[in-house]
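The values are calculated or read from the model by the stated rules, or taken from the named source; none is laboratory data. This structure is a prediction, so every number in the text was calculated from the model and none was measured. Here Cβ is always computed from backbone atoms with ideal geometry, including for glycine, and neighbour counts include all displayed protein chains.
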Amino acid sequence: MKKTYVIKGKAESKWWLVDAQDQKLGRLATQIAHVLMGKHKPDFTPGVLMGDSVIVINAAGISVNPTREKEKVYYRHSDYPGGLKAVTFPRMLETHPDRIIKIAVWGMLPHNKHGRKLMKRLKIYGGSEHPHTGQNPEKLEIK
């Protein structure tokens, strides 16, 4: 018989700061998703919001494979006939670099209420400035 583990007390959450300059998109997204879910903690419990908050700076400096950079296309639809929009990776990097990381991390989180709550803990900024200095974020080293 399997027993359910429930953490005692309140889960402690920290703030982490990640510099995306010259980081590979996939490796960065997996590390961020890992921290958001709380899998780096010894008392990890699935389905419980016990992860930390992550601040990503320099999102415009993300790097990807050169082939992927030429061929990657982001699609969205407005739900109207003929409403399919396609944006290439270089155009997305130029206009909304934060959305590239957001889409990559969302793909690695559960697609349900829990995942949507986790995404609210992710803050992404294209430049090096962020308004979360009051939370005293610690630097997270990406391997």
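Every residue, every condition in (1) touching a residue at least 60 places away in the same chain (Cβ under 8 Å); (2) on the phi > 0 side of the Ramachandran plot; (3) out of contact with any strand residue (DSSP E or B) (no Cβ under 6 Å at 6 or more places or on another chain); (4) polar (S, T, N, Q), yes or no:
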| site | (1), (2), (3), (4) |
| --- | --- |
| ILE55 | yes, no, no, no |
| ALA59 | yes, no, no, no |
| HIS77 | no, no, no, no |
| ALA86 | no, no, no, no |
| PRO90 | no, no, yes, no |
| ILE101 | yes, no, no, no |
| ARG116 | no, no, yes, no |
| GLU141 | no, no, yes, no |
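Exactly one residue out of LYS120, LYS85, LYS70 is among the charged types (D, E, K, R) and within 19 Å of ALA33 (Cβ to Cβ), and it is LYS120. If the condition is being of a type in the set (Asp, Glu) and in contact with a helix residue (DSSP H, G or I) (Cβ under 9 Å, 6 or more places away or on another chain), then region 19-52 contributes ASP19, ASP22, ASP52. For region 84-96, give me the residue count where each residue is of a type in the set (S, T, N, Q) and under 19 Å from the mean Cα position of the chain (by Cα). The number of residues fulfilling the criteria is 1. When region 114-143 is filtered for residues that are part of a loop (DSSP other than H, G, I, E, B) and acidic (Asp, Glu), the ones remaining, listed by number, are GLU129, GLU141.
Within region 1-47, the set of residues being touching a strand residue (DSSP E or B) at 6+ places or on another chain (Cβ under 7 Å) and at pLDDT below 90 comprises just one member, SER13. Taking the criterion of being farther than 30 Å from LYS3 by Cβ and under 11 Å from the mean Cα position of the chain (by Cα), would at least one residue in region 62-83 satisfy it? No. Selection of first residues in region 11-26 that are touching a residue at least 60 places away in the same chain (Cβ under 8 Å) and part of a loop (DSSP other than H, G, I, E, B) and of second residues that are surrounded by fewer than 16 Cβ atoms within 10 Å (Cβ to Cβ) and not acidic (Asp, Glu), restricted to Cβ pairs under 8 Å at least 6 apart or on distinct chains, gives the following pairs, ordered by first then second residue: GLN23/SER63; GLN23/ILE142.
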